[in-house]
Each structure stands twice: as C-alpha cells, then as structure tokens.
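Let me begin by presenting the structure, written as structure tokens, before commenting on it.
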Amino acid sequence: MKLARLAALLGWILLFGLVRLPLEDAVSDRLDQELPSRQAALNLEMREQLGQLGFVAAFGGLRSVLASLFYLDTYTAWSEGNWAEMKTKYDLVTQLQPRETLYWEMGGWQLAYNASADVLSQESLAPPVRRKQWREMVQAGVAMYEEGIRNNPESWRLMTRLGDLLQDRYKLQDHAAAAEWYARAAALPGTPSFYRRFEAYARARVPGQERQAWEMLRDFWLAGGENRKPTLAAQLWNLQLRLGLSESEGALPLEEVFLDLALAQETLSRFRLNLSLEPYRELDHFLAQLEEALGLPPEQRTAALLPEMQERQGRLRESIE
C-alpha cells in the first residue's frame, strides 16, 4: 500500500515536470549562455543533500518549492546556532534557485553578521580561534554575495550589501573594494542615488583617492537637495583640510557648508568622535581652534571626549584583530 502511494506521488511529480520542465529548461539554457559561471546544475552532492524523492522532484520542475522549504530550514539552523548546517542549507537553496536574489542576500547577511558575532561571543574558545572563525564566517558572507552577483549581475541590492559589508569598521574595512561595488551598483537602473555618496565616503578613506572623493562630494553639495547631509558636509570639510585646498582651488568656504560656527563644531565633532580610531590630524587641529574661538569649556571639547570613544571602539576592534 505504501509502495503504491509512493509510486503515485512520484508519478504526479514527474507528470508535473513534463509540463513545466521544457519551459524551465529553456530559461535555464538562456541563463547558462548569459552566465557561464553559474553553478546551479543539480549534481551528485546535491542529490545526497536532497535525498531520492527531493532529487526527483527537483528534476520534475519543483525547484522553487524545494528551495522555499529548505529556506525555511535555514531559520531552524539559525535559531540553534548551527552555522555549518545553515550554510549547507543556503548553498543548497541558492543552487536550486540561483536567480532568486533574496536567498543570496539573506545567506550573506546571516554568515557575515549573525554567525560571525556568535563566534566572537563563545568564550569557551581561545581568542585566536575565535578571531580565526570570525574571519572565516565574514569571508563566507563575502563569497555568498560575490557568487550571488555572478548569478545576478543586474542586482544592485547584492552589490550594495557587499559594499556595506566591506566598508564596515568592525568587519574587513576594505574601503577601496567597497567603493568599486558602490560604483558598479550606482551604474545600474533603479539604484537609489545615495549610493553615489556612499562611494565617495568609501573613497575618502582610501589613500590616494581623497582628491577624487572630494570632487565627488563637492559636486553633490553644489547640486543641493537631498545631498546636503551632515556626514557629507563633515567629510567634505575634512578633505579640504587634509588636501590643503584653498578657495582659489575650488574649496568651499565654511559659511557655505555650515550655517554658523556652532553648527560646524557640532557636526565636525560628531563626525570625529564616530571615527575616533582613525588619524585626523588636520581636523583635530581645526576643531581645537574652533572650540577655542567659541569659548567651549575644556571638558566639552572634542579632544577631551576622544579618549573615551577611542577606548570603547578600541575594545570592539581588538576582539577581531
């Protein structure tokens, strides 16, 4: 009786596949031509993971259904902190549905952020082991995003998610690579315009690209509108100081970037404290003079607040270096 039901079930799956498979194969063939590096072929390793019935179902045109089911399984692995199992499930899901960007996006995020953070919290592991496993998880997230982009070269979301990860101050801090991914994303239709600003912010932190970043930020500021953000104003002024630019060379005057001296101090101080571990000699000197001119009490000046922020951010940085 059980064999009869199983045979009937397999029959229905195969019948459904006969109808759907020609259409899916046509799409698959087109994608294989467009994306030669695509690794979505059902192989023996996948057969072991799916089991016999699931493997038949995948060939029968139920890849999207199986992908959805295994995607739900990733949450079970996540809730149990079983990161190896979760990665295996995401690898399977993305092989079944390589053109579904959500799977790549969530897989990269889970590995690079949740899994890596959990590894750092495991005090039973020696610090060098924790750092090693943390880096492996972050790199696995990078690889997930990169493979997703290879399969979906029109996805600005995957490109910007990768850029966000690469420039994260508590992750890899590869600002040059982040800038390139933001630039590639910005060139695609539908990408929010603020990612062009993100590209400039990343380039501002790459040695040798400060001038390019300043030119981008200056153009954004002069364009007005939603570009005129406090972060842009602070980084624009910081770069003018760092590059030693004069107004004759195109530098914007203080009163054009900030409404008044008090706003300049508030904006620049917040910007400096947020990046307390990085060297900003010219900005530190400017802030000291500005706060002296404003008559700010010594204990409220940026130089007095900086050590506490450096200690706080330093502890977080030390846990991964």
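Numerical summary
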read-out: Any chance residue 184 is buried (at least 20 other Cβ atoms within 10 Å of the Cβ), more than 20 Å from residue 119 (Cβ to Cβ) and touching a helix residue (DSSP H, G or I) at 6+ places or on another chain (Cβ under 9 Å); value: no
read-out: Residues of region 138-174 satisfying the condition of being farther than 21 Å from residue 188 by Cβ and crowded, with 23+ Cβ neighbours inside 10 Å; value: 138, 141
read-out: Residue list for region 72-118, restricted to those being of a type in the set (Ser, Thr, Tyr) and free of Cβ contacts under 8 Å to residues at least 12 places away in the same chain; value: 75, 76, 79
read-out: Condition check for residue 169: within 16 Å of residue 201 (Cβ to Cβ), at pLDDT below 95, out of contact with any helix residue (DSSP H, G or I) (no Cβ under 7 Å at 6 or more places or on another chain) and of a type outside the set (Ser, Thr, Tyr); value: yes
read-out: Any hit, region 246-256, residues being touching a helix residue (DSSP H, G or I) at 6+ places or on another chain (Cβ under 9 Å), crowded, with 18+ Cβ neighbours inside 10 Å and in a helix (DSSP H, G or I); value: no
read-out: Residue in region 275-288 that is within 30 Å of residue 115 (Cβ to Cβ), among the charged types (D, E, K, R), touching a residue at least 60 places away in the same chain (Cβ under 8 Å) and assigned to a helix (DSSP H, G or I) present; value: no
read-out: Residue check, residue 234 within 19 Å of residue 200 (Cβ to Cβ), assigned to a loop (DSSP other than H, G, I, E, B) and either modelled with pLDDT of 95 or more or in contact with a Cys (Cβ under 6 Å, 6 or more places away or on another chain) (or both); value: no
read-out: Test: residue 222 is modelled with pLDDT of 95 or more and outside any helix (DSSP H, G or I); value: no
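Okay, residues lined up against (1) in contact with a Ser or Thr (Cβ under 8 Å, 6 or more places away or on another chain); (2) assigned to a helix (DSSP H, G or I); (3) at pLDDT below 95; (4) under 21 Å from residue 316 (Cβ atoms):
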residue	(1), (2), (3), (4)
70	no, yes, yes, no
76	no, yes, yes, no
89	yes, yes, yes, no
117	no, yes, yes, yes
131	yes, yes, yes, yes
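The values are calculated or read from the model by the stated rules, or taken from the named source; none is laboratory data. Since the model is a prediction, treat every value here as computed from it, not as a measurement. For neighbour counting, all protein chains shown are included, and Cβ atoms are generated from backbone atoms with ideal geometry for every residue, glycine included.
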